[in-house]
Amino acid sequence: MVLIRSISGIRGIIGARPGEGLTPVDIVKYTSAYACFLNRCKKGDENLKVIIGRDARHSGQMISAMVSSTFAACGIDVIDLGLTTTPTVEIAVTELKADGGIVITASHNPKQWNALKLLNRRGEFLSEKEADEVFSLAEGQDFIFVSSQNLGKYDQDDTFIRKHIEKISELPLVDVEAIRKAKFCVAVDCVNSSGGIAVPMLLEMLGVSRIETLFCEPNGEFPHNPEPLSENLTELSALVVKSKANVGFAVDPDVDRLAIVMEDGEMFGEEYTLVAVADYVLQHKTGPAVSNLSSTIALHDVTAKHGGNYFASAVGEVNVIKMMKAKKAVIGGEGNGGVIYPDLHYGRDALVAIALFLSYLARSGKRCSALRNLYPNYYISKNKITLAPEMDMEHVFQQIKEKYQKQPINTSDGIRIEFDKEWVHLRKSNTEPVIRVYSESDSIAKAETLAHKLIGDIKEIIKIKTNGFSEED
């Protein structure tokens, strides 16, 4: 077991030795380090204020109590949203003019995992530089705690999911009247986490006629792998068909990713959640769109159709948001179903994605499957190569770059090589000796052929023994 640190926070399995999982020692250490980081920016004598919230995992309440107590010991006031969503916490940080926030969620990881997602005063994930500063403070453990008369205060506020949804319903492109007139039946799978509170509430406020719920009890008992992928959503697909629903929605435990099931029970495609929402937004607001280097080029096609410019960022929500701001993008996100709509806030948000998608579906008058047929079919193959720890991955990347120097190459995050309407993206893992190999083409067979061609190139370059190299689909 290992405790994983990245710009998206600190995550690990509950129950282990300190440093090997997310233990009470680690929770206090990293919360103290984050508090120290915030205090370095403090101005004046008033206490700093942070927002916290959690998904429905069994460990969430325990971790939340420890985080709140640690902040109090650091002289920082806490507003606890309780069971909530990641985007709701992000919005609350800015709405309440807080100095930061922590979301207690391991997102799509299984229920034995949990994590501390650290936010800045803009309600966004810390930058790499900021996260490194927190990690350095944690390692040094040079913390100073306040005296009893200066302890931070603790308050609760369970109203923010509704406030979040009200803000969504007021967006100009969210057409509540059209959705109500469409008399939609919508099926939802909320994997027994916070989405079970937020998604039905949203659908009711949008005027959906009939809501078919599946796994909407926020008790933390995930009934299947919580990542919203097709292989984990067979029960939702069956419910959509059985209930004759117009569409089905599935979210991950912290509600920042959205998967869509069409009326025939087939998947809309995780890459195409962002594509469809972007298509709708760009019809009404021309401008740039951004996704990461490992996302489908269908977003490029849709953006070009509406006269906008498409830009690809390094992988990671922080990097997508950074480029969206730089390019003044009107829509962006990641190909895992993560939609970022800056008119609401800079963060992946499945709730606003649902509202925009239903508005598009209602206004178009089309079936969900007909809407999907508007877009070109691209297929992504995801592979990885595990190398021996001593292998020089920089040398491998340099050789690949030289071999394909005549092709368009992007080196902002590993190497992304373009071949007309195909591409392959090679990037190093931040936590293990692995090269991730993503490729896309107009058929899965072509995408896999392209991936295996690059895997073969890498194998030839490093010329290693069998026990030093392994390939996994």
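Can you report the number of residues in segment 416-447 which are open to solvent by less than 80 Å² (accessible area, probe 1.4 Å), of a type outside the set (Gly, Ala, Ser) and either part of a loop (DSSP other than H, G, I, E, B) or more than 24 Å from Ile4 (Cα to Cα) (or both)?
Residues in segment 416-447 being open to solvent by less than 80 Å² (accessible area, probe 1.4 Å), of a type outside the set (Gly, Ala, Ser) and either part of a loop (DSSP other than H, G, I, E, B) or more than 24 Å from Ile4 (Cα to Cα) (or both): 11 in total.
Would you please name the residue that is most open to solvent (accessible area, probe 1.4 Å), looking only at residues in segment 219-256 that are of a type in the set (Asp, Glu) and more than 16 Å from Val186 (Cβ to Cβ)?
Ranking the candidates gives Glu231 first.
Let's see how each residue does on (1) without any contact (Cβ under 8 Å) to a residue 12 or more places away in the chain; (2) of a type in the set (S, T, N, Q); (3) under 30 Å from Asp413 (Cβ atoms); (4) not in a strand (DSSP E or B):
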{"position": "Ala198", "(1), (2), (3), (4)": "no, no, no, yes"}
{"position": "Val208", "(1), (2), (3), (4)": "no, no, no, yes"}
{"position": "His224", "(1), (2), (3), (4)": "no, no, no, yes"}
{"position": "Asp254", "(1), (2), (3), (4)": "no, no, yes, yes"}
{"position": "Glu271", "(1), (2), (3), (4)": "no, no, yes, yes"}
{"position": "Leu274", "(1), (2), (3), (4)": "no, no, yes, yes"}
{"position": "Ala278", "(1), (2), (3), (4)": "no, no, yes, yes"}
{"position": "Thr296", "(1), (2), (3), (4)": "no, yes, yes, yes"}
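Residues that are under 24 Å from Ile13 (Cα atoms) and hydrophobic (A, V, I, L, M, F, W, C): find the helices (runs of 4 or more DSSP H) completely inside segment 57-167 holding 2 or more of those.
Working: elements: 60-73, 86-95, 128-140.
Fully inside segment 57-167 and qualifying: 60-73, 128-140.
Check whether at least one residue in segment 302-323 is under 22 Å from the mean Cα position of the chain (by Cα), under 19 Å from Leu361 (Cα atoms) and in a strand (DSSP E or B), and report yes or no.
Looking through segment 302-323, none of the residues is under 22 Å from the mean Cα position of the chain (by Cα), under 19 Å from Leu361 (Cα atoms) and in a strand (DSSP E or B).
In segment 82-127, how many residues are more than 15 Å from Arg57 (Cα to Cα), touching a strand residue (DSSP E or B) at 6+ places or on another chain (Cβ under 9 Å) and aliphatic (A, V, I, L, M)?
So the count comes out to 9.
Condition check: in contact (Cβ under 8 Å) with a residue 24 or more places away in the chain and surrounded by fewer than 20 Cβ atoms within 10 Å (Cβ to Cβ). Does Ala259 satisfy that?
It is false that Ala259 is in contact (Cβ under 8 Å) with a residue 24 or more places away in the chain and surrounded by fewer than 20 Cβ atoms within 10 Å (Cβ to Cβ).
Residue check: is Val174 open to solvent by less than 30 Å² (accessible area, probe 1.4 Å), in a strand (DSSP E or B) and either in contact with a His (Cβ under 7 Å, 6 or more places away or on another chain) or at negative phi (or both)?
Answer is no for this residue.
Which pairs do you get when a residue that is under 11 Å from Phe135 (Cα atoms), found in segment 28-40, comes within reach of a residue that is surrounded by 20 or more Cβ atoms within 10 Å (Cβ to Cβ) and among the aromatic types (Phe, Trp, Tyr), reach meaning Cβ atoms under 7 angstrom, with the pair 6+ apart or on two chains?
Sorted first by the residue in segment 28-40, then by its partner, the pairs are Thr31/Phe71.
Output yes when any residue across segment 355-365 is farther than 22 Å from Glu177 by Cβ and in a helix (DSSP H, G or I), and no when none is.
Within segment 355-365, none of the residues are farther than 22 Å from Glu177 by Cβ and in a helix (DSSP H, G or I).
For (1) of a type in the set (Asp, Glu); (2) open to solvent by 30 Å² or more (accessible area, probe 1.4 Å), each residue gets a yes or a no:
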site: Pro87; (1), (2): no, no
site: Ser107; (1), (2): no, no
site: Lys111; (1), (2): no, yes
site: Phe125; (1), (2): no, no
site: Glu133; (1), (2): yes, yes
site: Gln149; (1), (2): no, yes
site: Gly152; (1), (2): no, no
site: Ala178; (1), (2): no, no
site: Lys183; (1), (2): no, yes
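Sort out which residues of segment 216-232 are within 12 Å of Ser194 (Cα to Cα) and among the charged types (D, E, K, R), and write them in order of number.
Answer for segment 216-232, where residues must be within 12 Å of Ser194 (Cα to Cα) and among the charged types (D, E, K, R): Glu217, Glu221.
Return yes or no: is Asp343 modelled with pLDDT of 95 or more, open to solvent by 20 Å² or more (accessible area, probe 1.4 Å) and within 26 Å of Ile161 (Cα to Cα)?
The answer is yes for Asp343.
Restricting the first residue to segment 152-179 and requiring it to be in contact (Cβ under 8 Å) with a residue 60 or more places away in the chain and under 17 Å from Glu90 (Cα atoms), which pairs with a second residue that is among the hydroxyl-bearing types (Ser, Thr, Tyr) and in a loop (DSSP other than H, G, I, E, B) meet a Cβ separation below 9 Å and a spacing of at least six or different chains?
Asp158/Thr84; Phe160/Thr84; Ile161/Thr84; Ile161/Thr85; Ile161/Ser194; His164/Thr84; His164/Thr85
Taking segment 348-391 as the search range and keeping residues that are within 17 Å of Lys463 (Cβ to Cβ) and touching a residue at least 60 places away in the same chain (Cβ under 8 Å), which one is surrounded by the fewest Cβ atoms within 10 Å (Cβ to Cβ)?
By that ranking, first place goes to Ala388.
Can you find a residue that is open to solvent by 10 Å² or more (accessible area, probe 1.4 Å) and part of a strand (DSSP E or B) anywhere in segment 20-39?
Checked segment 20-39: no residue is open to solvent by 10 Å² or more (accessible area, probe 1.4 Å) and part of a strand (DSSP E or B).
How many residues are in contact with a Ser or Thr (Cβ under 6 Å, 6 or more places away or on another chain), free of Cβ contacts under 8 Å to residues at least 40 places away in the same chain and more than 19 Å from Leu344 (Cβ to Cβ) if we restrict to segment 309-333?
Total satisfying the criteria: 1.
The values are calculated or read from the model by the stated rules, or taken from the named source; none is laboratory data. Predicted model, so just to flag it, every value in this text is computed and none were measured. Counting neighbours? That spans all protein chains shown, and the Cβs are built from the backbone with ideal geometry, glycine included. Heavy atoms of the whole protein, side chains included, go into the accessibility calculation; ligands, DNA and RNA do not. Shrake-Rupley method; radii C 1.70, N 1.55, O 1.52, S 1.80 Å.
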